[in-house]
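The values are calculated or read from the model by the stated rules, or taken from the named source; none is laboratory data. Treat the numbers as computed from the prediction; the structure is a model and nothing was measured. Neighbour counts run over all protein chains shown; Cβ positions are idealised from the backbone, glycine included. We work out accessible area using only protein heavy atoms, side chains counted, and drop any ligands, DNA or RNA first. Shrake-Rupley method; radii C 1.70, N 1.55, O 1.52, S 1.80 Å.
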Amino acid sequence: MLFFPVVCASVWCAISLEMVWETARTQGRALVLFGHVVAAPSVSSTIVICCAVSAAAALAMAIAVGYARGRRLERRMAAELDARWAELAERDAGDAARRELLNWRLAELQTLVDRLLADRQAATDSKERHLVVVPDADLSTPTRG
């Protein structure tokens with residue numbers, strides 16, 4: 001579908017070129033298209049008509065090429081946007097997986113900390129603490145030895 005406007009504009013350019021070429025052979029006395037006389041206006045009117053048909057063909061070609069380039073750019077931008085969204089979705093999925101892994105690790109670490117605290121509390125409760133008193137040493141007087 002992208003080539004249809006360009007093809008139509010190319011056909012119009014070919015038809016207008018043929019008309020201008022054949023009209024020029026008659027030295028502007030008649031408008032000729034595919035060997036048939038279409039009209040026989042005055043020379044100045046024929047020149048204006050040929051210029052208008054040529055300008056219309058050039059405008060049609062410019063519009064068709066602009067449309068084709070715009071559509072191609074639109075498709076490329078859509079493809080880049082789709083790729084970007086796919087990349088963002090993939091990164092989001094990776095982030096979600098990392099969060100779930102961290103949540104699982106945090107729960108596991110919390111369980112280990114709770115178990116260690118319970119073991120420490122059980123060890124402290126089962127064992128009596130003995131207070132050992134160490135006399136202060138007088139370090140002010142040197143000892144002989």
*Is it fair to say ALA60 is in a helix (DSSP H, G or I), touching a Phe, Trp or Tyr at 6+ places or on another chain (Cβ under 8 Å) and surrounded by 11 or more Cβ atoms within 10 Å (Cβ to Cβ)?*
yes
*Go through (1) closer than 30 Å to ARG75 by Cα; (2) open to solvent by less than 40 Å² (accessible area, probe 1.4 Å) one by one and return the number of the condition GLU22 breaks.*
(1)
*Which of (1) closer than 30 Å to GLY28 by Cβ; (2) out of contact with any strand residue (DSSP E or B) (no Cβ under 7 Å at 6 or more places or on another chain); (3) not polar (S, T, N, Q) is the odd one out, the single condition ALA39 does not satisfy?*
(2)
*First in segment 52-65 and free of Cβ contacts under 8 Å to residues at least 60 places away in the same chain and at negative phi, second anywhere and part of a helix (DSSP H, G or I) and loosely packed, with under 13 Cβ neighbours inside 10 Å, Cβ under 9 Å, 6 or more apart*: ALA57/ALA14; ALA64/PHE4; ALA64/VAL7
_Just to be sure before I move on: is PHE34 on the phi < 0 side of the Ramachandran plot and of a type in the set (Phe, Trp, Tyr) in the structure I sent?_
no
*Can you find even one residue in segment 78-92 that is touching a residue at least 60 places away in the same chain (Cβ under 8 Å) and either hydroxyl-bearing (Ser, Thr, Tyr) or within 30 Å of VAL7 (Cβ to Cβ) (or both)?*
no
